[in-house]
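Here the structure comes first, spelled out in structure tokens, and everything after it is commentary.
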Amino acid sequence: MHRFITFSISFLILHHCNFSLRLCLFTSFNKKLLVYHPMPKGSLAAALHSYGEIYCNLSLSYKINSVIFIDDKNESLSLETRCRIAVGVASGIEYLHSVGSGTVHGNIRSSNVFITEDYEARVSEYGLAQLVASSSSLNGYRAPEVLDTRVGSQKADVYGLGVLLLELLTGREPDGILTEEGVALPDWVQTVVEEKGTAAVIDPSLFGREESVVELLLVALSCTSRQPSEDDLSFPSSLAVQKMISRLLLH
């Protein structure tokens, strides 16, 4: 419990406009609870995959619970909105990485990204993955070289950013692809594009914007194209990803 409190306080002092605001934490003998500022529009996962949510997130461990918010209205997200959300996530992760080389999120996924009334991204659960191993072996966002979710890296975070961007562009759930197709979302995208063309992977609501989507797909695939290693200088940083998406958003 002492480690959880110490670790949580160290992350409570981090402030960024794209982080979900942690209001407080509660601990008891066998329960640990983090409370976030309410987000009425819910998570990015709910917005993309059209499901409402009122529940407690137990994705990390039965010992750590994080309060998830209510989503009562699903709307189709435009390409510009998706890009703005992606920029916000990348900006938050870049700030986290700037704190120190060992500071990582460790569990980037659409269910950990929440949306404000103005469709700005708010990243949650930053740092919690380092406390406990995931209770599930199913993780479509996890970099290939990460065997223990408690031992993440900034390169693995960038891989997760790439998968999240692919999810935004395809509308497909990474865990769902892993279950249905037996491959990670980046591999599925590359295979289908080679066999059937880009249109076969794009979210139907983005039809008509293929040129912009292709450019964004290239950014996402640059993040996931190989196993990230700390000495691979050609692998994009979170700052580079943020800048690339921002440039495309301005076009």
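Only the coordinates and a few stated rules stand behind these numbers; no lab work does. Everything numeric in this text was worked out from a predicted model, so none of it was measured. Every residue, glycine as well, gets a Cβ built from its backbone with ideal geometry; the counts of neighbours run over all protein chains shown.
Packing here is the average count of other Cβ atoms within 10 Å per residue, and on that basis the peptides 161-169, 175-183, highest first, run 161-169, 175-183. Between residue 98 and residue 192, the simple label model (points 7 Å from Cα in the Cβ direction) yields a spacing of 3.6 nm.
Fewest neighbouring Cβ atoms within 10 Å first, the residues 83, 223, 17 line up as 17, 83, 223. Using a Förster distance of 22 Å, how high is the FRET efficiency between residue 33 and residue 180, based on the Cβ-Cβ distance and rounded to 0.05? Result of the calculation: an efficiency of 0.05. Neighbour counting of Cβ atoms within 10 Å sorts the residues 19, 235, fewest neighbours leading, into 235, 19. Spin-label model, residue 200 to residue 14: label points 7 Å out along the Cα-to-beta-carbon direction sit 3.9 nm apart. Taken about its Cα centre, the stretch 76-250 carries a charge dipole of roughly 280 debye when the Cβ of each Lys and Arg holds +1 and the Cβ of each Asp and Glu holds -1.
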